[in-house]
Amino acid sequence: GDSVTQMEGPVTLSEEAFLTINCTYTATGYPSLFWYVQYPGEGLQLLLKATKADDKGSNKGFEATYRKETTSFHLEKGSVQVSDSAVYFCALSSGSRLTFGEGTQLTVNP
Amino acid sequence: KAGVTQTPRYLIKTRGQQVTLSCSPISGHRSVSWYQQTPGQGLQFLFEYFSETQRNKGNFPGRFSGRQFSNSRSEMNVSTLELGDSALYLCASSQGPDLTTNEKLFFGSGTQLSVL
């Protein structure tokens, strides 16, 4: 079945550092790939999405490229801020359901 | 435009009881999905409804059920509650059900259920 694997956390960075959170997937067919973010006490917010190979999703300085050859969708940001502290989830969909990774806790210190 | 609204925000129940959670999707959205979030199992898909029909179901026991009304609002019910049902239950909506297109899935803030 479908599965998503994220890099283990937690991740702690200083403000303005470069961020990479690794995500790889296993799926049949051609899934869409997503990054969601969850702030404390809240639901999930869609950060970015890509629907086909080589698509790049981007939002709020975050980027991820759909790499079919390596079955990956790594999240990157050039310069993180304290306000980026949250849990980040990679997910895929082959239809109407999302399959999520374990989540990566990011803490950004001033 | 209002987001996905879930009520209640918090619930405390005891083992053996049943509970009903409510979800109002974004106006115009016809697909509603439910997910369970726990520290141990992470985020797991429960079921998805589109136009009042359950189209997809996750791997949960029959104690978990749901329905969708003609106005797209949805409820989920858990009967004979167990301690392990303690979780954050998230509802999400989209205009259509196929997330492999340009559809986007929007989540509510969830209902935190505690079973004592």
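Odds and ends about this structure:
- For the stretch B:23-76, the Cβ-based charge dipole about the Cα centre amounts to some 60 debye (Lys, Arg positive; Asp, Glu negative; other atoms uncharged).
- Gyration tensor (alpha-carbon) shape descriptor, the stretch A:23-101, a/c threshold 1.5: oblate
- Candidate lysines for bridging to residue A:77, where Cα separation is under 27 Å - those fewer than 8 sequence places away on the same chain excluded: A:49, A:52, A:56, A:60, A:68, B:104
- The alpha-carbon of residue B:13 sits under 25 angstrom from the alpha-carbons of these lysines, leaving out residues fewer than 8 places away in its chain: B:57.
- With Cα atoms defining each centre, the stretch B:1-38 and the stretch A:30-53 are spaced 20 Å apart in the structure.
- Gain upon complete extension [residue B:10, residue B:101; 0.36 nm per residue less C-alpha separation]: 29.4 nm
- Inter-chain shielding of A:84-97 (mean C-beta neighbours from other protein chains, 10 Å cut-off): 4
- DSSP beta bridges in chain A [antiparallel fraction, %, rounded to 5]: 90
- Farthest positive-ward along the protein assembly as shown dipole, Cα basis, beta-carbon charges - from B:36, A:5, A:83: B:36
- Near residue B:40: Cβ cut-off under 15 Å, other residues only, Lys/Arg at +1 and Asp/Glu at -1. The net charge is -3.
- Whole-number percent relative contact order across chain B, with pairs defined as alpha carbons under 8 Å at least 6 apart: 36
- Euclidean distance between Cα centres, the stretch B:59-77 to the stretch A:67-109, Å: 28
- Across chain B, the longest piece that holds none of the GluC sites (Glu not before Pro) lying in DSSP loops with up to 15 other C-beta atoms within 10 Å covers B:1-51.
Each value in this text was obtained by applying a stated rule to the coordinates, not by laboratory testing. Bear in mind that the values here come from a model prediction, so they are computed numbers and not experimental data. Every residue, glycine among them, receives a Cβ derived from its backbone with ideal geometry; neighbour counts consider all protein chains shown.
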